[in-house]
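Take a look at the structure set out below.
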Amino acid sequence: MLTPRSMKNPKPTAHRAEIEAIYAELERRPLPRQCEMRTGCCHFRIAGHTPLLTRGEALHAADGVRRSGRKVLKPHPDGACPLLGRDGRCTIYQHRPFGCRTHFCAEAGGMYPRKHVADLIQRLEALDERLGGHGSRPLEAAVSDALAEK
């Protein structure tokens, strides 16, 4: 659990337990999905959507990037997610952001109805505030900034 003291000077992993709890709660909510690593939604320019990340999500995704052996994000040449590997799969799948988990991809079933995830979004926003974030930001900028902090 995050304490007021740890939020003043958050450790790099202070966000981890809360983000993982939010993502675990999402997994327990049975909503019909048909995503089998289609990755259509990962091609932002084509899909017309880019996930927005809160500070906690960006820090968590940055942890995943570091664990994948990278230190920086490089823009994908065709406007796809910079987290896609050469094999076309997500390189931080276990650390992927909430927007990726809630599948804004039409082929996978579309976006989760807000009423099913509003409480989780509120928890992400509250964590963002405690971590000194300034609201949701586009994936590439949010993760790049989180990577630059360490």
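Only the coordinates and a few stated rules stand behind these numbers; no lab work does. None of these values were measured; they are calculated from a predicted model. Don't worry about glycine lacking a Cβ; one is built from the backbone with ideal geometry, like all the others, and counts go over all protein chains shown.
Assuming a ≥ b ≥ c are the square roots of the Cα gyration tensor eigenvalues, decide whether the stretch 39-150 counts as rounded (a/c under 1.5), prolate (otherwise, with a/b larger than b/c) or oblate.
Values: a/c = 1.84, a/b = 1.04, b/c = 1.76.
It comes out oblate by the Cα gyration axes.
Ranking request for peptides 75-86, 121-132, 92-103: highest mean number of other beta-carbon atoms within 10 Å first, then the rest in descending order.
In descending order of packing, they fall as 92-103, 121-132, 75-86.
Evaluate the distance, in nm, between pseudo-label points positioned 7 Å from the Cα of H116 and of L52 along their respective Cα→Cβ axes.
Calculated label separation equals 2.1 nm.
List the residues whose amide H sits under 5 Å from the amide H of L53, counting only those 5 or more places along or on another chain, with H placed 1.01 Å from N in the peptide plane.
So L53 has HN proximity to R137, L139.
Amide H to amide H, which residues 5 or more places from C90 or on other chains are under 5 Å from it, using H placed in the peptide plane?
G85
If each residue's Cβ is checked for other Cβ atoms within 10 Å, how do S68, S136, S144 rank with the fewest at the top? Can you show the working numbers first?
Details: S68 14, S136 21, S144 18.
Exposure proxy ranking, most exposed first: S68, S144, S136.
By how many nm would the segment from E20 to E125 lengthen if fully extended, with 0.36 nm per residue of separation less the alpha-carbon distance? Present the calculation step by step, with values, prior to reporting the outcome.
Working: separation 105, 0.36 × 105 = 37.80 nm, distance 1.46 nm.
Between E20 and E125, full extension yields an extra 36.3 nm.
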